[in-house]
Amino acid sequence: MRILHTSDWHLGQKLLYFERDEEHRLALDWLLEKLVAERVDVLVVAGDIFDIGNPPNYARHTYYRFLSRLLQTPCRHVVITGGNHDSPTMLNAPRELLEALNIRIIGAATGQLEDELLELRNTQGQPEAVIAAVPFLRDRDLRTSIAAETFDEKLQRLREGIKQHYQQIGALAEPYRRLNVPILATGHLYAIGAQTEEKQNNIYIGDCENIDAADFPEIFSYVALGHIHRAQTIGDYQHVRYSGSLIPLSFSETKDDKTVYLLDYEGARLLNISALDVPVFRRLKTITGTLDEVKAKLTRFAAEHDRPLTPWVEVVVQSDNYLPGLDETLKEFCRPLPLELVKIRVNRHYASLGADEGAPLPDLDELSVDEVFFRRCKIALEITSEEKETLNKTFQELKEWMESRQEAAN
């Protein structure tokens, strides 16, 4: 059996005000080609199918277009789990219809672990693979809150809740050992040791230590992870992996190779894991330097254009002086070049608003809601660390409540 692991498509994502639909369509077309060329039996998508809970219509069309075209491939089974960006209601809406096409959707935990343990059956009705399709686990799924508990106590209970969830579903999978079929798990979380260059906050409160690779039960021969956009293994555990995002989602991801993982099984034994590099259809490039240096680098970069889509460029001009008409100067300079200038920043020194010395002050649209709150707490020198922890806990609870309301409205 051959299984392909991917995640973090983020359909509907925008880079500033620029839509990414062309890139997503090309990437998914490439994925379909690989499913055919590699004769993949099972496709596993580990969360964050969409970038927001209520994705635009063009993103939904891209998603359903991809699913419909799967019927023309050798892929017999598809397993899709929800991520922290996904609306469970939206993902689950066509679940019964898609299940008839062997496309299984687990948008969120239901409270019944049996719902997450999927038997993938062959044409004779016999199990040929088992997947513990664990979606992003929200705080309410883990039932971690206790009245009057401290911040550290809540964090520890959350870690234990995640660990117990996998231990329990691993125990449910035990009877399948005798069938000699692949037994896998999915996850959408921040594992200990995961590395990333992009701005990607932990999706739970506290630090990034949600679960150790050793905490996944050994019954799972492979753990397909999502949430981190850089493809990687976790520590020394070669079978616990993030596939990373399908396309570069920000300028900070341009150095990361975009991949999907191909798993070859013989019975229950995982024989081989190979990485398939996803082509980059549009280059994202950050160019930094003085104004003269930036112009020279832009000219050189434009001469290297070799991708199907026009490259997008972010320019960071280093200057402590005010540069009148900078935007118009650079836009005029770039007009004849085969590139699109999507962002211009000036790198000055700031000593306030939580910026590091020498770092450019970020635009608000670059920051997540959590980052804005964290920065505001960081410069609130009049409050104690204990008060900051209380504020963080209250903020996370309020955000979860608002997300639940938005999901219900959708």
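Where in the range 70-150 are the strands (runs of 3 or more DSSP E), entirely inside, with at least 1 residues that are small (Gly, Ala, Ser) and touching a helix residue (DSSP H, G or I) at 6+ places or on another chain (Cβ under 8 Å)?
Details: elements: 77-81, 103-106, 117-121, 127-132.
Filter on the range 70-150 gives 127-132.
Checking residue 278 against (1) at pLDDT below 95; (2) within 26 Å of the chain's Cα centre (by Cα), which test does it fail?
Of everything listed in (1) at pLDDT below 95; (2) within 26 Å of the chain's Cα centre (by Cα), residue 278 misses just condition (1).
Take the residues of the range 201-215 that are out of contact with any Lys or Arg (no Cβ under 9 Å at 6 or more places or on another chain) and crowded, with 16+ Cβ neighbours inside 10 Å: which is modelled with the highest pLDDT? Please lay out each step first, then the result.
Our first condition is that a residue be out of contact with any Lys or Arg (no Cβ under 9 Å at 6 or more places or on another chain); within the range 201-215, this holds for 201-203, 207-208, 213-214.
Then drop every residue that is not crowded, with 16+ Cβ neighbours inside 10 Å, which leaves 203, 208, 213.
Values: 203: 56, 208: 53, 213: 91.
By that ranking, first place goes to 213.
Give the residues of the range 296-326 that are closer than 19 Å to residue 338 by Cα and either surrounded by 18 or more Cβ atoms within 10 Å (Cβ to Cβ) or in contact (Cβ under 8 Å) with a residue 60 or more places away in the chain (or both), sorted by residue number.
The answer is 298, 308, 309, 311, 312, 313, 314, 315.
Among the helices (runs of 4 or more DSSP H) lying completely within the range 293-410, list those that include at least 1 residues that are modelled with pLDDT of 65 or more, acidic (Asp, Glu) and more than 26 Å from the chain's Cα centre (by Cα). Before you say what the answer is, go through the steps one by one.
Values: elements: 326-334, 369-378, 385-409.
Filter on the range 293-410 gives 326-334, 385-409.
Which one of these is without any contact (Cβ under 8 Å) to a residue 24 or more places away in the chain, farther than 22 Å from residue 263 by Cα and surrounded by 17 or more Cβ atoms within 10 Å (Cβ to Cβ): 84, 92, 57?
Answer to the selection: 92.
Okay, residues lined up against (1) over 23 Å from residue 8 (Cβ atoms); (2) buried (at least 17 other Cβ atoms within 10 Å of the Cβ); (3) modelled with pLDDT under 95; (4) of a type in the set (Val, Ile, Thr):
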site: 97; (1), (2), (3), (4): yes, no, yes, no
site: 117; (1), (2), (3), (4): yes, yes, no, no
site: 124; (1), (2), (3), (4): yes, no, yes, no
site: 135; (1), (2), (3), (4): no, yes, no, no
site: 144; (1), (2), (3), (4): yes, yes, yes, yes
site: 155; (1), (2), (3), (4): yes, yes, yes, no
site: 159; (1), (2), (3), (4): no, yes, yes, no
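Report, ordered by the first and then the second residue, all pairs with beta carbons closer than 8 Å, sequence separation of six or more or different chains, a first member in the range 190-218 that is outside the structural domain of residue 137 (by TED's automatic domain parsing), and a second member that is modelled with pLDDT under 60 and part of a loop (DSSP other than H, G, I, E, B).
Listed pairs, sorted by first residue: none to list.
Quick grid of which residues meet (1) out of contact with any Ser or Thr (no Cβ under 9 Å at 6 or more places or on another chain); (2) part of a strand (DSSP E or B); (3) not β-branched (Val, Ile, Thr):
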position: 241; (1), (2), (3): no, yes, yes
position: 246; (1), (2), (3): no, no, yes
position: 252; (1), (2), (3): no, no, yes
position: 257; (1), (2), (3): yes, no, yes
position: 280; (1), (2), (3): no, no, no
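The values are calculated or read from the model by the stated rules, or taken from the named source; none is laboratory data. Every value quoted in this text rests on a predicted model; they were computed, and no experiment measured them. Backbone-built Cβ (ideal geometry, glycine too); neighbour counts: all protein chains shown.
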